[in-house]
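Novice: Take this structure, written in structure tokens, and hold onto it; I'll ask about it next.
The values are calculated or read from the model by the stated rules, or taken from the named source; none is laboratory data. Keep in mind it's a predicted model, so treat the numbers as computed, not measured. Neighbour counts are summed over all protein chains in view; Cβ atoms, including those assigned to glycine, are modelled from backbone coordinates with ideal geometry.
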Amino acid sequence: MKVLAVIPARAKLEETGADSVVSVQPVAHEHPFWVKKLDGDRVVSFNEYTNESFLQRQDLPPAYIYDGGIFARRRDLLESWSGRDFCLGGDVRAIVLGGWKSAHIDDELHLELVRVMAKKKGGRW
């Protein structure tokens, strides 16, 4: 992630008076309305929202996920943190990243994808 993404996050935190500002990216293929669970080996709806009413990805309502790049919080929020939640407070604002600006690295496959992407960009992220 480019360091420049941190500057608007700090500005948004100060300008809005929010408890925290986080970076998010759009959810593409793993949309929550398409999530399923297994009952044995039978595929069933995860909840009442996961059904077949959205056949095309383009018909799904926009959804976002924390990308892990920015979690800016107010100092007083951190000082009173109980350790039982994500410490974001009640007013959470977003900076939308995604694409080349953000990448999840949760396993070796993701790490290799980031290496390929960085190489394609000439080592510049």
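Novice: Suppose the filter is at pLDDT below 90 and of a type in the set (Gly, Ala, Ser); does Ala103 pass it? Give the steps one after another, and end with the answer.
Specialist: Values: at pLDDT below 90: yes; of a type in the set (Gly, Ala, Ser): yes.
It is true that Ala103 is at pLDDT below 90 and of a type in the set (Gly, Ala, Ser).
Novice: Still on this structure: Report whether or not Ser20 is among the hydroxyl-bearing types (Ser, Thr, Tyr), surrounded by 12 or more Cβ atoms within 10 Å (Cβ to Cβ) and touching a residue at least 60 places away in the same chain (Cβ under 8 Å).
Specialist: Numbers: among the hydroxyl-bearing types (Ser, Thr, Tyr): yes; surrounded by 12 or more Cβ atoms within 10 Å (Cβ to Cβ): yes; touching a residue at least 60 places away in the same chain (Cβ under 8 Å): yes.
Yes, satisfied.
Novice: Out of the residues in the stretch 89-100 that are closer than 24 Å to Glu30 by Cα, surrounded by fewer than 16 Cβ atoms within 10 Å (Cβ to Cβ) and not small (Gly, Ala, Ser), which is modelled with the lowest pLDDT?
Specialist: The extreme case among them is Trp100.
Novice: Among what's in the stretch 29-77 and is out of contact with any Phe, Trp or Tyr (no Cβ under 9 Å at 6 or more places or on another chain) and of a type in the set (Gly, Ala, Ser), pick the residue that is surrounded by the fewest Cβ atoms within 10 Å (Cβ to Cβ).
Specialist: Step by step, filter the stretch 29-77, then rank; the result is Gly40.
Conditions tested, residue by residue: (1) out of contact with any helix residue (DSSP H, G or I) (no Cβ under 8 Å at 6 or more places or on another chain); (2) modelled with pLDDT under 80.
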| position | (1), (2) |
| --- | --- |
| Gln58 | yes, no |
| Glu79 | yes, no |
| Arg84 | yes, no |
| Cys87 | no, no |
| Glu112 | yes, no |
| Gly122 | yes, yes |
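Novice: Among strands (runs of 3 or more DSSP E) lying entirely in the stretch 15-78, which contain 1 or more residues that are closer than 18 Å to Gly90 by Cβ? Outline the logic, then answer.
Specialist: Working: elements: 20-26, 36-39, 42-45, 64-73.
In the stretch 15-78, the matching strands (runs of 3 or more DSSP E) lie at 20-26, 64-73.
Novice: Then there is this: Is at least one residue of the stretch 52-66 under 30 Å from Lys121 (Cβ atoms), out of contact with any strand residue (DSSP E or B) (no Cβ under 9 Å at 6 or more places or on another chain) and either charged (D, E, K, R) or touching a residue at least 40 places away in the same chain (Cβ under 8 Å) (or both)?
Specialist: If we filter the stretch 52-66 for residues that are under 30 Å from Lys121 (Cβ atoms), which is where we start, we get 57-58, 60, 62-66.
Add one more test, that the residue is out of contact with any strand residue (DSSP E or B) (no Cβ under 9 Å at 6 or more places or on another chain), and what stays is 57-58, 60.
When the remaining residues are screened for being either charged (D, E, K, R) or touching a residue at least 40 places away in the same chain (Cβ under 8 Å) (or both), the result is 57.
Scanning the stretch 52-66 turns up at least one residue that is under 30 Å from Lys121 (Cβ atoms), out of contact with any strand residue (DSSP E or B) (no Cβ under 9 Å at 6 or more places or on another chain) and either charged (D, E, K, R) or touching a residue at least 40 places away in the same chain (Cβ under 8 Å) (or both).
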